Amino acid sequence: FPVTIRAEYYGDPSGVIIQAFAPNGFQTTGVSLNLDYTPTASMLCRVEVRWLKSKDRIFERNNSLSNTNFMVAASVAIRFSDTMKK
């Protein structure tokens, strides 16, 4: 299983792209871990675990705001053969 670890930072303190309506705008760091599984040559299954942390409380959790966010996501991608194109 290929494993990918990624660290990221996104800063938009002026709210040009993301309006967070927070004192420091949108300034978030994060870490994610991906596990990929390819059962066939045309299928990719991925599980991603991501943790984000912001300077301000911008993430909604349990009807309140938090400065951290944790999520687990899964996806399946299927590639169709070029012979199906017209």
_With the requirement that a residue be open to solvent by less than 80 Å² (accessible area, probe 1.4 Å) and either of a type in the set (Lys, Arg) or at pLDDT 95 or above (or both), what does segment 73-85 give you?_
Ala73, Ser75, Ala77
*Keeping to segment 57-72, report how many residues are over 13 Å from Gly30 (Cα atoms) and open to solvent by 50 Å² or more (accessible area, probe 1.4 Å).*
8
*Would you be able to tell me the number of residues in segment 1-39 that are farther than 19 Å from Phe59 by Cα and touching a Pro at 6+ places or on another chain (Cβ under 7 Å)?*
1
*Quick check: anything in segment 51-67 free of Cβ contacts under 8 Å to residues at least 24 places away in the same chain and under 18 Å from Ile5 (Cα atoms)?*
yes
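The values are calculated or read from the model by the stated rules, or taken from the named source; none is laboratory data. Just so it is clear, the structure is predicted and the values come from calculations on it, not from any experiment. FYI the Cβ positions are ideal-geometry reconstructions off the backbone, even for glycines, and counts take in every protein chain you see. Ligands, DNA and RNA are excluded from the accessible area calculation, which covers all protein heavy atoms including side chains. Shrake-Rupley method; radii C 1.70, N 1.55, O 1.52, S 1.80 Å.
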